[in-house]
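The values are calculated or read from the model by the stated rules, or taken from the named source; none is laboratory data. Note that the structure is predicted; figures quoted are calculated from it, not measured. Note: accessible area is taken over every heavy atom of the protein model, side chains too, but ligands, DNA and RNA are not part of it. Shrake-Rupley method; radii C 1.70, N 1.55, O 1.52, S 1.80 Å.
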Amino acid sequence: MIDMGVEAGAISMRCCARAPGIARSWVGGVFSEQKLGDDYTARTVVTELVTNVYKHTDTEVVLVRLLIEDGRPVVEVEDGSDVVPVVGGGDGTVESGRGLLMLSMLVQDWGVRVLPGGGKVTWARLGE
């Protein structure tokens with residue numbers, strides 16, 4: 001669970017088909033401004049997480065935060081849905097649902113924090 005960290009930035013946006021691209025560009029900009037190094041994994045992760053919110057919830061607004069925890073970037077995506085994402089597509093027979101499986105291979109750790117007032121934060125701690 002991510003409880004601490006220094007916030008490098010946050011963006012709130014309407015949850016729509018354009019949201020994943022907006023989030024991806026924003027993360028790239030924060031990485032550049034903060035001189036955090038290669039942003040490929042962070043851009044991939046935020047795209048997957050925001051896409052999941054758009055495709056699998058009825059959330060109207062999505063909040064993306066980038067934290068620095070113990071020198072490592074952490075991507076957080078907060079939405080108003082109680083639907084918790086699940087890893088799927090491991091058998092290779094389905095055409096979709098492998099995004100979280102891919103994400104789990106790219107990051108050091110990831111998880112979901114359910115919020116007391118409703119909604120959740122899906123987070124991913126990037127490796128070195």
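Using a 1.4 angstrom probe with every protein chain in place, what is the largest-first accessible-area order of Glu60, Glu69?
From most accessible down to least: Glu60, Glu69.
How would Leu101, Leu66 line up by accessible area, probe 1.4 Å, largest first?
Leu101, Leu66
Would you kindly give the portion of the calculated P(r) for the chain that falls above 20 Å, as a percent of all Cα pairs? Intermediate values should be presented prior to the final figure.
On the way: 3183 of 8128 pairs.
Cα-Cα pairs of the chain separated by over 20 Å account for 39 percent.
With every protein chain kept in place and ligands, DNA and RNA left out, what is the accessible area per residue of segment 6-126? Probe 1.4 Å, answer in Å². Don't skip to the answer; put the middle values down first.
Values: 6350 Å² over 121 residues.
Normalised by residue count, the accessible surface of segment 6-126 is 52 Å².
With every protein chain left in place, what is the accessible area of Arg113 in Å² (1.4 Å probe, nearest 10)?
40 Å²
How large is ³J(HN,Hα) for each residue in segment 63-70, as worked out from phi by the Karplus curve 6.51 cos²θ - 1.76 cosθ + 1.60 (θ = phi - 60°), to whole Hz, x for Gly and Pro?
10, 10, 10, 10, 10, 10, 10, 6
Using a 1.4 Å probe on the protein heavy atoms, what percent of the accessible area of segment 6-126 belongs to carbon and sulfur? Intermediate values should be presented prior to the final figure.
Numbers: 3180 of 6350 Å².
Roughly 50 percent, rounded to a whole number.
Order Lys35, Lys55, most accessible first, counting only protein heavy atoms with a 1.4 angstrom probe.
Details: Lys35 170, Lys55 140 Å².
From most exposed to least exposed: Lys35, Lys55.
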